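Each remark here refers to the structure printed beneath this line.
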Amino acid sequence: MSEAAETGALFPEEGGQEPVTAKGQTHAVGILPAHGIQNMVREKQIWASGGVLDDQIQPASLDLRLGDIAYRIRASFLPGEKGTVADKLAARAYHKIDLSHGAVLETGCVYLVPLMEAVSLPERTTGFANPKSSTGRIDVFTRLITDFGTEFDKVPAGYKGHLYLEVCPRTFPILVRQGSRLSQLRFRRGAPAHNDAELKRLHEETGLVDGAANIDGGLGVSIDLLGDAKSGLVGWRGKRHAGLIDVDKPGILPVAQYWEPVYRDAGNEIILDPDEFYILASREAVTIPPTHAAEMVPFNPLVGEFRVHYAGFFDPGFGATEAGGKGPDGKGGARAVLEVRSREVPFILEHGQIIGRLVYERLTDVPQTLYGVGLNSNYQAQGLKLSKHFKQG
């Protein structure tokens with residue numbers, strides 16, 4: 001009998017038996033926790049000029065830092081299986097921008113920034129990236145690129161080389177500098193399978209959401225358009241031509257200069273205007289148990305012309321009561337804050353409509369520190385919450 005069958009843990013590697021685990025590892029397949037990432041740093045599988053800082057390592061991911069140069073480029077690109085980023089830049093870069101003392105990245109422009117970190121991945125370890133939560137909540141679109149890359153946000157097993165970040169501010173211009181952190185990288189060992197039957201069992205054991213769980217290719221997340229019982233606030237819409245956001249300075253910006261409140265209407269619905277950016281919240285209070293990490297995956301475009309949740313990583317311990325995750329109602333779990341944008345046409349969202357799905361993946365081992373415990377976790381036990389850059393309350 002495999003270890004997964006003995007423990008009831010999610011998710012066994014496709015094909016049945018798991019390979020032998022490394023010393024100190026509970027499972028050979030899954031997402032690496034913080035101490036697994038620390039081991040990669042020690043073994044020079046991750047390195048950076050000046051070293052990797054301790055506070056870059058999160059419970060199940062690594063914060064990535066901008067280097068000292070950005071390139072304003074004509075358009076987004078992938079280098080392809082025979083090309084390097086440097087080769088493509090020679091034909092696509094307009095000019096070079098010095099980030100060592102800070103620089104403004106304008107809305108609607110595309111930039112490519114070499115990152116401070118580089119990797120040398122083992123043959124069974126892959127990387128995958130997402131914008132950080134605070135990056136997504138200010139409508140900054142980022143994607144990771146590698147040399148010889150044919151997909152965004154993926155670092156293939158065995159890759160050795162530099163990492164690059166495509167950055168495109170959509171609503172607000174941003175001030176960044178060398179060392180700014182806009183993106184994060186997770187590491188997956190092996191090829192875990194995503195199994196709805198096991199996910200249902202995990203919900204029965206730990207309670208992934210408050211109430212019934214919609215599980216079909218992941219855990220369904222629906223929209224809350226009832227909002228605050230007193231004020232009726234259901235979300236925020238970004239203001240065009242607002243001020244600059246310094247990505248490294250939290251808690252200083254006045255909300256009213258950047259956001260328009262969106263209130264509940266009689267039909268408990270909202271019309272998304274094309275090319276406008278909204279911050280909304282899930283109806284469910286979500287929990288990520290300490291044994292797992294989760295990612296919000298793109299929803300089926302056939303059910304509506306909108307994009308939801310740029311920043312899709314949820315760390316182990318998010319919303320969990322043992323990690324301080326008592327939400328605004330005093331119960332366990334935390335709302336998923338959703339970054340929403342309609343594409344081509346106005347689109348109506350109704351209260352309770354499913355707009356995304358969380359895919360849960362087992363960790364190779366439980367992290368020593370969970371999200372919200374001993375960390376500067378900005379969004380634990382959150383309700384409808386703007387990014388950390390804005391004054392709260």
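None of the figures in this text is laboratory data; all of them are computed from the coordinates on show. None of these values were measured; they are calculated from a predicted model. Every residue, glycine among them, receives a Cβ derived from its backbone with ideal geometry; neighbour counts consider all protein chains shown.
Brief remarks on what is shown
- Protection proxy ranking, highest mean first, for peptides 279-291, 353-365: 279-291, 353-365, where packing is the per-residue count of other beta-carbon atoms within 10 Å, averaged.
- Label point distance in nm, GLU106-THR150, each placed 7 Å from Cα along Cα→Cβ: 3.7
- Trypsin sites (Lys or Arg not before Pro) lying in DSSP loop within segment 228-272, provided at most 12 other Cβ fall within 10 Å: LYS230, ARG240
- If the segment from VAL297 to ASP98 were pulled out straight at 0.36 nm per residue, it would be longer than the present Cα-Cα gap by 68.2 nm.
- Between ASN214 and ARG343, the FRET efficiency from the beta-carbon distance, with R0 = 30 Å, is close to 0.80.
- At full extension, ARG74 and THR26 could sit 12.6 nm farther apart than now, given 0.36 nm per residue minus the alpha carbon distance.
- Calculated FRET value between SER120 and ASN268, using beta carbons and R₀ = 35 Å, to 0.05: 0.10
- Taking 0.36 nm per residue of separation and subtracting the current Cα-Cα distance, fully stretching the chain between ALA91 and LYS230 would add 44.5 nm.
- Peptide ranges 40-47, 94-101 listed from the most packed, as the mean C-beta count within 10 angstrom indicates: 40-47, 94-101
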